[in-house]
């Protein structure tokens, strides 16, 4: 069973690394917004995996907090975002 936890942890780390590359290399602010949302989703999955591994239900409150903060942050950034000035169009 430890192999399953190691594989799932390494997949979450790989997803976080790929998301950070997209976050740093994104040409527009919407690319960075999607990468930030994905990073929060990967973090939420990591906390859920840790809760299942350690059989500790007290960390589930942080799952709800991460979900609420992520949703409110994404909506507010998407609503009040200023368009990019470098000539790239948002698709």
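Coordinate-derived values only; no laboratory data. Please read these numbers as outputs of a predicted model, since none were measured by experiment.
Computed values, structure above
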{"item": "Angle between the chain longest axis and helix 29-54 axis [Cα atoms, degrees, rounded to 10]", "result": "10"}
{"item": "Correct option for Rg and Dmax of the Cα atoms in Å [calculated from the coordinates] among (1) 15.9, 51; (2) 17.8, 55; (3) 20.3, 66", "result": "(1)"}
{"item": "Range of Cα positions in the stretch 16-68 per principal axis (Å), largest first", "result": "41, 21, 8"}
{"item": "Value at 222 nm in deg cm²/dmol, rounded to 500, when DSSP H runs of n ≥ 4 in the chain each add -39,500 (n - 2.57)", "result": "-27500 deg cm²/dmol"}
{"item": "Theoretical gain in end-to-end length, residue 53 to residue 17 [0.36 nm per residue, Cα-Cα removed]", "result": "10.8 nm"}
{"item": "In degrees, nearest ten, helix 60-80 long axis to first principal axis of the chain (Cα)", "result": "10"}
{"item": "With Cα atoms, 0 to 90° folded angle of helix 2-25 axis to the chain main axis", "result": "10"}
